[in-house]
Structure formats: C-alpha cells, structure tokens
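Read the structure below first, then the notes.
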Amino acid sequence: MSTLFGRYFKGDRVIWTVVIILSAMSLLAVYSSTGSLAYRFHGGSTTYFLIKQLIFLGLGLSIVFITHLISYKVYYPLSTILLGISVPLLLITLVFGATLNQASRWLEVPGLGITFQTSDVAKLALIMYVSKILSQKQKDIKDLRQGFVPLVIPIGLICMLILPANFSTAALLGLACWIMMFVGRVNLKYLLGFTGLGVLLLGAFIVIALQFENVGRVHTWMNRIENFASGDNGEGNYQVEQSKIAIATGGIIGKGPGRSTQRNFLPHPYSDFIFAIIVEEYGLLGGTIILALYLILLFRSALIVKNAKRTFPAFLAFGLALLMALQALVNMMVAVNLIPVTGQPLPLVSMGGTSLFFSSAAFGIILSISRTQNKTELFDGEEPVEDNN
Amino acid sequence: MQLNITTDKKYIISGIIILVFIVIIVKLFYIQIVDSRYKFSANNNVLRYITQYPARGLIYDRNGELLVANQVVYDLMIVKNQVKPFDTLEFSSMLGLTVEQVKDAFEQVRKQKGYSPRKSVVLLKQISDSSYARLQEVLYKYQGFEVLPRTVRTYPRRIAGHLFGYVGEVDESVVKEQPYYQQGDYIGINGIEKYYENQLRGVKGVNIFMVDVHNRIKGPYEEGRFDSIAKVGKNLISTIDADLQEYGEKLMINKIGSVVAIEPKTGEVLAMISSPTYNPELLVGRNRTDNFRILQNDSLKPIFNRSIMALYPPGSTFKVVNALIGLQENVLAPSTRYSCYGRYTVGRGVGCHNHPSPLDLEHSIAASCNTYYCHVFRNIIDKREFSSIEDGFNNWKQHVESFGYGNKLGIDLPNELKGIVPSVNFYNKYFRKGGWSSLTIISLSIGQGELGTTPLQMANLVSAIANKGYYYTPHIVKDIEGNDEIDHKYYEKHVTSVDSSYYKYIINGMDLAVNAPAGSGSTARIAAIPDILVCGKTGTSQNPHGEDHSVFFAFAPKDDPKIAIAVYVENAGFGATWAAPIASLMIEKYLKDSISRPYLEEYLLNANLLDRRAKRK
C-alpha cells in the first residue's frame, strides 16, 4: 500500500477496505432499486437518487474520515453527555415524533428540516457508556451494586425508551450490551437474572400492548409475528414472498447489476430489503461477499480487542462492531425469512440518510481505535488492568 | 493481554455469530436451489397468461344428427384500477339489470379470494347475446371493462339430458388435483360430458403478454414464441337414435321408470330413457345452479338416471335365466313338464295365476308359471353333485353373473351401479350357516327376493338371449373424431356360461309369450306387432314402494335381432299392461319408423301413472 494512503487513512486497512467496498455496493444497489421511487416522486429521474446517494456516501465517508482522526479518548467523557441527551430526545420522539411508516422513530431538527432517528444517537451513546462503565468498574465488576447496577440501569432505560416505537432496535441494542457485559466479565448469575427480568418485563409489555391493539405499532407486530409463525400468505407476508422471489431468481451469480425485476414489487427495496436485491443482482456469490464483509469487520475488531492495552477502547471497538454486525444479520435474516419482518437497514449499504451517518461514525470510531493502537500507546490516566487469567 | 476476556467466551460468541451467518447462507441456498416455488412466481409478476378457451366437442346421434352443440356467451370482465366513474344507470339497463344488482356484483368481486384491482376479473358471467349486442357498441365508453367470449352448451333436440350430463365450473378440489384446470374453467360434470371430458374439452391455448407493474399489457412476450393455440375438442358420435330416444321419452311422460334399447350385435345403446327426464337446456348458463336446485329437490328425482342407477327386482323376466341355467346344468329338459294348480305348495309356498297345466319349458315361459320355476330353481341348487347348498348356490351365482348381473357392465357413463346378486356369506349372516335351503330362498326362482338389477343390465340380458349366448358391453359412444376406435373393451365378446344351443327353447318361449293365439295363457300378446316377430317376457315385480313394477323385455325380429329392449315402469301394475306396449311401440318405431297402432300409442300417451306410487304404503 502506498504511503500516500497510509499518510491520510490511518487505522486498520482491512476495515477501511470493508467500508469502501460496502459503500460502492451501496451505490450500485441503491441506484438500481430506487427506480420505482424515482418514477413515483421525481418523474423518472433516476439520477436524482444516484446523486443523492453519492452525496450521502461522500458525507458518510467524510464522517468516517473525520471521526477516525479524533482520538477515541474524547468519547470517554462524551458518552455520559450523549447518554444524558439521548433520554429526553427519545422521550420527545415517543410523544411528538414524526411518523414514517406508522412508526414514530423520527425527530426533526428544528429549522433544518432534517429528520433523524433518535435511537441511532442513543445506540452510539449507550455503547460508549457501557464501554466506559465496564472499563471503569473492571475491579468491582463481579459485585452487584458496584459493577452490575450502574450498567443495567442505563441499558434498561434506553432500551425501554426505544422499545415502543422500534422493537427490533431495542432488542438488538439490548443483545449487543448483553454480549459486551458477558465479555466484560460481569457476573453470569446477574446477567442471567437480568435476562430473566427483561423477559418478564417484555411479557408485561406485550400484555399491556395487547390492550391497545389498535394503537401504534402493536397491530403491525402482531400481524408480522402471526404471519411468520403461520407461514400464511397474508398481506404482511407479501414482502417476504417477493423477497424470496428476488433471491430465488438471482441464482448463483445473479442477474447482473441493475437487472433486478423484483425491485418493482418489493416495498423498501433500497433499505429493509436491499439484501434481497443484492442477491437478485449479484447472486449467492454477491450475498456471501456482503456477509463476509461484515464478518471480516467483526473479526478485525476482535483483533483490536485482542491487541488492546486499554479496556475502554477495546470494549468500544468490540461493541460498535458487534452492533453493526448484528444489525446486518437481522437485515439479512428478514430478507431470507428466518425471522419476522422488521425494519433494520443494512449498515452502510441501505439508502437512508442519517442512519448512514451514524453507522459511518461507528466505523470511524473503530478505525480511530485501531489507528491509536498502531502507535505505541502512552499511559493516559486510565488504569491498566492486571491480567489475572 | 491485559483484558481478561477469556478465550472461551470469545469462541462462544464468534461461534454463535458464524453459525448465524452460515444459517443465512444455507437459507439463501435453499430458496435458490431447493425450493422452486418462487421462480414461477417471479414469472407471474411480469407475464400475463391469457387463456384461449377451445370450443367443446360436439355430440351427434348415430345418424349424424347434431344433439349437443355450442353457443357463445360473454363474460364481462373488469380491471378495477382502470375503471373510471361511469353512468351506472345506463350501464345496468343495457345489461338488463338494476343498479343495485350491478353494485352487488362489484361488491361480490371485491370479496373474491385473490382479488386484485390490477387483475382482470369476471364481473358478470355469461351475459346474454342481446345484452352483449347492446353493450358492444358503447363499451369504448366504459374503461376497464372487457368482454371475454366463452362457449356453453345448447341442445337442439332437448332430449337425453341424463346421457349427456352437463358442464359447469370446476371445483376447487379438481383444480388442486389436476393441474390442467384453473379456477373458472368448465368441466363435464355428469354423463358423456364427464366420461369423455378429456376428448371433449380440447386443449386450452395461452397467449403470453408482458405487463408492467400495473398489469397493463405491453405486448406479446418474446413475439409470441411461447404462445400456444387452443385445440378444439373432439366431436363424438353417440350410439343413440335421436328419434327413438325422443319417442321413448314421450311415451314415458307421466310415468316413472326407464327404457333401455340396445343393438344386440354391437352392444350399442339405441335409447336410454330415465323418466321423469328434464330439459337439458335447464342446466346451461347462469340459471344452472338455480335450476339444478329445483330439479334436485323434485320428489320424483328427475336428475337421477334410473337406467344405470336404479336397482329393481327383475321379476318374472328372471325366469329365463333360471331356465337357461337349468338346461345347462342338465336338471331341466325342454320337454320337462310340471303341473301347477295355482300354487307351488312346498314350504310357505309361492302363488301362481290361472293358466293351462301341465306346461313344458317353452309354454312355461309363455305363461310365466311360477310353480315351474320353483321346481327348476330348487333342482339347480340342490343338484346331487354338490355336497352342500353353498356349492350349489355358488354355482348358480356364477351362472347368473355371466349374464352381466351383479357387476358393473362398464358402460361409458359415470355412476353405473353394479346391482345385487346375493352371496353365500349374505345368507349365512342373514339366517345362519346351515340355516337356509333352496326353499328359504325360493323367491330367487321368480326374480324376487335379494336381487337388484339396473334396467341396463336387463336390456343387456335380453341382448345376450337375442345373440344366443354372448353380449358386447353396452356403450353410448361409437366414434370419437380423429380416433380409429373407441375403448377396446367395447369390442370384446362376453360369452355366457350357458351353451348357445339351449337358447332356442327360451327364444321360442318368448315368441309364444307374444305371438301365441288367444286362450293359450300367453302373457304378452299386447306386444305383438304385425309383420314383426317380437320375442318378449313380462314381469311384475313386487316392491316395498307401492303397486308392483311393470316390467317387460323383448327383442325383435326373432331370426335377425336388431333391437333388444327392457322397459321398467314403477308402480304401474302388470308387466303386460304398461311395459309391454311401450316396448312394442319402441320396437316398431325403430324397425319401421311408423306406428301401425295409433290407439295403443294414444292409450300410453294419455296414461298418468304417477299417482299410483305408494298407494299401498
């Protein structure tokens, strides 16, 4: 690799490569799958979406670039502030949020006309905060009050705030935090107890939700789960059927770029079902490559963790990579009908403005950590943890 | 390493994640390679298959007269999305409907399974010619409507409804089992239409068009390379003589029962009447379901084809069978005489009527002496060479079955019944093993008791007698257009278990029954036709439903039989009173095409025997 690349793009080159390939894939797939949108809203001008996505990807890559130059240490204090902001943001969204596809997840930035999902902010904030507490409390981590409670309270709070509008994100974030705690040596007994409590709360939530069957998202959830469980050909399963058709007709090597026909039948082919379109156009091969890219990301991050001398960056990199990978997994599992339909975008690939930026930021942070790791780290006030294994 | 993330935990987590990834890939593979369902669906998304319905094959009578033809009707189709607001009043009045009915039709369409506003669906089925003519001129004003021609049946002679059956839309169960059919297709539901469905229906064609997302046709797919042309169904020539059939139906008006006429040399069915019959036009078109319900609820069961589905005791006509078996088994000689004093006196006894006595074989048939056949029957069953009654009975049963009784003959019509010839097991159960003898089952000697035959089986029996010992399976279609032959089984000769040399005595007896001078005790003199030697046998069969059934079977002419006929009139009384003259007129009509005895015809046409039903109840 040229030194030129090395001079500006620091950090793990493999992760950089993953980011760039995913962005390129995103451009192709989104351009191909926005055909119907283009006809509906922009008089058939498909270039509109090409340019739009180009701009978004450009901005996204800039965010990756900028965040990767910022020292990860910033997030140590920042995490508390971000988390502090997230809670009221989520509350406001729940109450006043703009409804898109009947889910109130979006908040408009006053004056700018930009909407963003507050849960995206909260996700980042929570991962940072959990990393911070995990590293801070490593010494007392086995203790209930010292180690466990300070972790569980913010996790539970954020997840519960996200839950009513976006079940899958809440579940995903909860799972990521759970794995982080598991890796972070939190007492397994407490973890399991916490899980049990979570399940109990969820059960209670469902019971309460059922009383308001016609309110908000409850009806959608019930339909989706019923459809998935019964394999019924109902209205809700239309998406899954069409997605399967896309996958089935793709074959091993696919129909070729821009040749998807299912994009005209699938709702949201550019976000929730982009994986199906990718498989249709690039085949099993293309699909496997996308899968592999997220796997590589995860394992490069694991490598960072392995080489980390500090706990905070290690947890942070691991947590963020985990979140991205899980999100990708959920998106793909929906496309192949392994789980009920839910709206998780494919990180970096799906069209969608702000969530792309937050994913970019996550990648930037991971790269920042690996960049720092490449230098010999100096003691920065954080207590090194003794290896007592 | 400073972090004590244990390697175990790392492996667990990465293991789980890799597993999930693998599951996704496997599922991808499954959808792509293993499960082929979605590939077909993919084509359905971009292609629209428009079916070309072929005209159904026509059905002719044996002389080439058209009996079942086609007429064009029109299904009014809509694509909901393309319908613009229109003048509902004008539209409904053109169709001869009220505005409410049209709205109702729209409502119905919307409720249909699999309804899509982008698909072409049937709004109104089979609109009439005149409605179509009016509509056609202004159809351009109504966007989203189109008219699809379909053919339905029409019957120029309005006869033989039971034989032709009818055509209707396929059931969902048929669609599931047979991939050829799709919802809305027509299929033969009964009679010839059902039996010869595969020949009559032809082959559907299909035009494939490319459509856009809104299901609008963009043009033929691949320039029509994969289109197929509909093949018209094959025409059938039936064995029915339309004039004879119509005449028979006329004679049977106001009578319940059945007439079956067969050409003995070929097994071709010349006429098959089940009365009361119905006008086949009733089961065509939009009113079919309503009319069907009315016919089905009729207490006289007009839809029920008695010729092949009703089981009657054969009555005295069965005596000829016992006579033939007796001759074959050597327990009876043509010269054997039995005295009769009005009663067979052994056991509970069997009554007889007044006739000269003693009689030989031929005269016993002519006079239909019950006593004579009690002797014959018991001699057959109790023949010394059999060690038990069971062997004797089985031997008798085998003989009976060789005449086509107790089994389906195999006519080319659906739902034929096999009739009843009782078995040893039946009697062993009904009485007990060893608890019955030839005397217990003496009713069988005169065709009563546990016997059940269809009118078709009786006509077939008389046909076998006319042929002196063989028959061809009766059938109703003699030619299929484009095929060299019909089913091979209709060319196979079935030989009875009685030697052909014995038949002449029976035939002479049947000749005497019709043609002996008055005062000789002959039972069927009413059936005699000037210049034609008719051989026949009457029957009067007791039944639990009321007055006796009037039965007669016959063939003619004696030396060169051209027609064999069985007539059954329910609850009409003596065979000679009603069944014999009907058979006689039918024979004359067929052989001479004119009627020499108008008084007899008049007498029958005016008779109403419906009210005799269940008088005895």
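The values are calculated or read from the model by the stated rules, or taken from the named source; none is laboratory data. Remember, predicted model here, so these are calculated numbers, not experimental data. With ideal geometry, Cβ positions are generated from the backbone for all residues, glycine too; neighbour counts draw on all protein chains shown. Protein only, heavy atoms only, side chains kept; ligands, DNA and RNA dropped before computing areas. Shrake-Rupley method; radii C 1.70, N 1.55, O 1.52, S 1.80 Å.
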Does B:R293 meet the test of being in a helix (DSSP H, G or I), without any contact (Cβ under 8 Å) to a residue 24 or more places away in the chain, open to solvent by 20 Å² or more (accessible area, probe 1.4 Å) and over 30 Å from B:P561 (Cβ atoms)?
yes
Looking at B:Q101, B:Q112, can you tell me which residue is at pLDDT 75 or above and open to solvent by 70 Å² or more (accessible area, probe 1.4 Å)?
B:Q101
Only unsatisfied item for A:L284, checking (1) in contact (Cβ under 8 Å) with a residue 40 or more places away in the chain; (2) open to solvent by 10 Å² or more (accessible area, probe 1.4 Å), is (1)
In the range B:495-506, the residues that are open to solvent by 10 Å² or more (accessible area, probe 1.4 Å) and of a type in the set (A, V, I, L, M):
B:V495
Specify which of the listed residues (B:K408, B:K468, B:K418) is in contact with a helix residue (DSSP H, G or I) (Cβ under 6 Å, 6 or more places away or on another chain), open to solvent by 20 Å² or more (accessible area, probe 1.4 Å) and modelled with pLDDT of 85 or more.
B:K468
Tally, over the range B:376-405, of residues that are open to solvent by less than 40 Å² (accessible area, probe 1.4 Å) and under 30 Å from B:V477 (Cβ atoms)
5
Within the group B:S423, B:S357, B:S437, which residue is of a type outside the set (A, V, I, L, M, F, W, C), open to solvent by 10 Å² or more (accessible area, probe 1.4 Å) and under 34 Å from the mean Cα position of the chain (by Cα)?
B:S423
Go through B:T266, B:T345 for me and flag whichever is at pLDDT 85 or above, surrounded by fewer than 19 Cβ atoms within 10 Å (Cβ to Cβ) and either more than 21 Å from B:G165 (Cβ to Cβ) or assigned by TED's automatic domain parsing to the domain that holds B:S437 (or both).
B:T266
Buried (at least 24 other Cβ atoms within 10 Å of the Cβ), within 11 Å of another protein chain (Cβ to nearest Cβ) and more than 26 Å from the chain's Cα centre (by Cα): which single residue out of A:A276, A:A248 fits that description?
A:A248
Counting only residues that are among the hydroxyl-bearing types (S, T, Y), within 26 Å of B:A105 (Cα to Cα) and out of contact with any Leu (no Cβ under 9 Å at 6 or more places or on another chain), how many does the range B:155-195 have?
3
Residue ID - nearest to A:I245 (Cα to Cα), chosen from residues in the range A:330-342 that are within 8 Å of chain B (Cβ to nearest Cβ) and buried (at least 24 other Cβ atoms within 10 Å of the Cβ):
A:V336
Does the range B:250-268 hold any residues that are within 16 Å of the chain's Cα centre (by Cα) and over 26 Å from B:Y470 (Cα atoms), and which are they?
B:G257
In this structure, is A:T311 surrounded by 21 or more Cβ atoms within 10 Å (Cβ to Cβ), touching a Leu at 6+ places or on another chain (Cβ under 8 Å), among the polar types (S, T, N, Q) and within 7 Å of another protein chain (Cβ to nearest Cβ)?
yes
Name the single residue that is farthest from the other protein chains (Cβ to nearest Cβ) among those in the range B:186-226 being modelled with pLDDT under 75 and surrounded by 16 or more Cβ atoms within 10 Å (Cβ to Cβ).
B:Y221
Pair list, Cβ < 7 Å and 6+ apart or interchain, from the range A:177-196 residues that are more than 13 Å from chain B (Cβ to nearest Cβ) to residues that are surrounded by fewer than 16 Cβ atoms within 10 Å (Cβ to Cβ):
A:Y190/A:L144
Condition test on B:L95, is it modelled with pLDDT of 75 or more and either under 30 Å from A:K137 (Cβ atoms) or away from chain A (no Cβ under 14 Å) (or both)?
yes
Would the range B:575-585 turn up any residue that is farther than 22 Å from B:T453 by Cα and surrounded by 15 or more Cβ atoms within 10 Å (Cβ to Cβ)?
yes
Would you mind stating whether A:L151 is open to solvent by less than 20 Å² (accessible area, probe 1.4 Å) and within 14 Å of chain B (Cβ to nearest Cβ)?
no
Among the candidates B:L417, B:L413, B:L444, residue that is out of contact with any Lys or Arg (no Cβ under 9 Å at 6 or more places or on another chain) and touching a residue at least 24 places away in the same chain (Cβ under 8 Å)
B:L444
The one condition in (1) open to solvent by 10 Å² or more (accessible area, probe 1.4 Å); (2) closer than 16 Å to B:D559 by Cβ that B:E481 fails to fulfil
(2)
Testing A:G319 on (1) modelled with pLDDT of 90 or more; (2) at the interface with chain B (Cβ under 7 Å from one of its Cβ atoms), one condition comes back false. Which one is that?
(2)
Within the range A:360-376, is even one residue part of a helix (DSSP H, G or I), under 16 Å from the mean Cα position of the chain (by Cα), more than 14 Å from every other protein chain (Cβ to nearest Cβ) and surrounded by fewer than 23 Cβ atoms within 10 Å (Cβ to Cβ)?
yes
